[in-house]
Amino acid sequence: MAPSDALLMAPSRDPRYLPLMNAIDPSTGPATLHYGDGEFAVLKPGPYVVCAVSGKTIPLEALRYWSAERQEPYASPAEALTRMVPAK
(Lines give C-alpha, C1' and ligand atoms only; values in the text may rest on other atoms or scores of the structure.)
Protein backbone atom coordinates (compact mmCIF):
# COMPACT_ATOMS: atom_id res chain seq x y z
CA MET A 1 0.00 0.00 0.00
CA ALA A 2 1.37 3.38 -0.98
CA PRO A 3 1.48 6.10 1.71
CA SER A 4 -1.10 8.13 -0.20
CA ASP A 5 -3.50 5.12 -0.15
CA ALA A 6 -3.34 5.01 3.64
CA LEU A 7 -4.74 8.53 3.84
CA LEU A 8 -7.74 7.57 1.72
CA MET A 9 -8.63 4.46 3.71
CA ALA A 10 -10.96 4.95 6.66
CA PRO A 11 -9.53 3.58 9.94
CA SER A 12 -12.47 1.18 10.31
CA ARG A 13 -11.56 -0.39 6.94
CA ASP A 14 -7.84 -0.56 7.60
CA PRO A 15 -7.00 -4.11 8.81
CA ARG A 16 -4.40 -2.68 11.22
CA TYR A 17 -7.22 -1.06 13.23
CA LEU A 18 -9.70 -3.96 13.33
CA PRO A 19 -8.59 -5.65 16.57
CA LEU A 20 -8.76 -2.36 18.50
CA MET A 21 -12.03 -1.30 16.91
CA ASN A 22 -13.67 -4.62 17.78
CA ALA A 23 -12.49 -4.38 21.39
CA ILE A 24 -14.44 -1.18 22.01
CA ASP A 25 -17.22 -1.53 19.45
CA PRO A 26 -20.59 -1.10 21.23
CA SER A 27 -22.28 -3.22 18.58
CA THR A 28 -20.80 -6.30 20.27
CA GLY A 29 -23.56 -6.04 22.88
CA PRO A 30 -23.53 -6.04 26.65
CA ALA A 31 -21.26 -8.20 28.75
CA THR A 32 -22.65 -10.99 30.89
CA LEU A 33 -21.15 -10.96 34.38
CA HIS A 34 -21.29 -12.99 37.57
CA TYR A 35 -21.41 -10.55 40.48
CA GLY A 36 -19.62 -11.53 43.65
CA ASP A 37 -18.85 -9.74 46.92
CA GLY A 38 -16.52 -6.92 45.86
CA GLU A 39 -15.66 -8.37 42.44
CA PHE A 40 -17.25 -9.66 39.27
CA ALA A 41 -16.31 -12.26 36.67
CA VAL A 42 -16.90 -11.81 32.95
CA LEU A 43 -18.90 -14.73 31.55
CA LYS A 44 -19.48 -13.18 28.11
CA PRO A 45 -17.23 -10.32 26.94
CA GLY A 46 -18.71 -6.97 26.09
CA PRO A 47 -17.85 -3.32 26.66
CA TYR A 48 -20.76 -2.53 29.00
CA VAL A 49 -23.66 -3.79 31.14
CA VAL A 50 -27.16 -2.33 31.48
CA CYS A 51 -28.41 -0.90 34.79
CA ALA A 52 -31.22 -3.08 36.19
CA VAL A 53 -33.17 -0.02 37.39
CA SER A 54 -32.62 2.81 34.91
CA GLY A 55 -31.61 0.94 31.76
CA LYS A 56 -28.49 3.13 31.39
CA THR A 57 -25.42 1.56 29.84
CA ILE A 58 -22.47 1.26 32.22
CA PRO A 59 -18.96 0.76 30.78
CA LEU A 60 -17.27 -2.10 32.63
CA GLU A 61 -14.43 0.17 33.76
CA ALA A 62 -17.04 2.44 35.44
CA LEU A 63 -19.07 -0.35 37.10
CA ARG A 64 -18.98 0.18 40.88
CA TYR A 65 -22.43 -0.87 42.15
CA TRP A 66 -24.15 -4.24 41.92
CA SER A 67 -26.03 -6.81 43.94
CA ALA A 68 -24.40 -10.22 44.29
CA GLU A 69 -27.68 -11.56 45.71
CA ARG A 70 -29.81 -10.32 42.82
CA GLN A 71 -27.03 -10.55 40.18
CA GLU A 72 -27.85 -7.02 38.95
CA PRO A 73 -25.68 -4.01 38.05
CA TYR A 74 -26.59 -0.42 39.00
CA ALA A 75 -25.44 2.85 37.43
CA SER A 76 -25.19 4.71 40.76
CA PRO A 77 -25.86 4.37 44.48
CA ALA A 78 -29.29 5.95 43.92
CA GLU A 79 -30.38 3.12 41.60
CA ALA A 80 -28.98 0.50 43.98
CA LEU A 81 -30.90 2.05 46.89
CA THR A 82 -34.09 2.22 44.81
CA ARG A 83 -33.87 -1.51 44.15
CA MET A 84 -32.96 -2.52 47.70
CA VAL A 85 -35.51 -0.44 49.61
CA PRO A 86 -39.09 -1.74 49.22
CA ALA A 87 -41.51 0.66 47.52
CA LYS A 88 -44.24 2.11 49.73
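The values are calculated or read from the model by the stated rules, or taken from the named source; none is laboratory data. Nothing here was measured: the structure is a model prediction, and the numbers come from that model. Note that each Cβ is placed from the backbone with ideal geometry, even for glycine, and that neighbours are counted across all protein chains shown. Keep in mind that these areas ignore ligands, DNA and RNA; they rest on the heavy atoms of the full protein, side chains included. Shrake-Rupley method; radii C 1.70, N 1.55, O 1.52, S 1.80 Å.
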### Message
Rolling a 1.4 angstrom probe over the protein chains, ignoring ligands and nucleic acids, what is the accessible area of residue 33 in square angstrom, nearest 10?
### Response
20
### Query
So what's the net charge close to residue 63: Lys and Arg +1, Asp and Glu -1, counting the other residues with Cβ under 14 Å from its Cβ?
-2
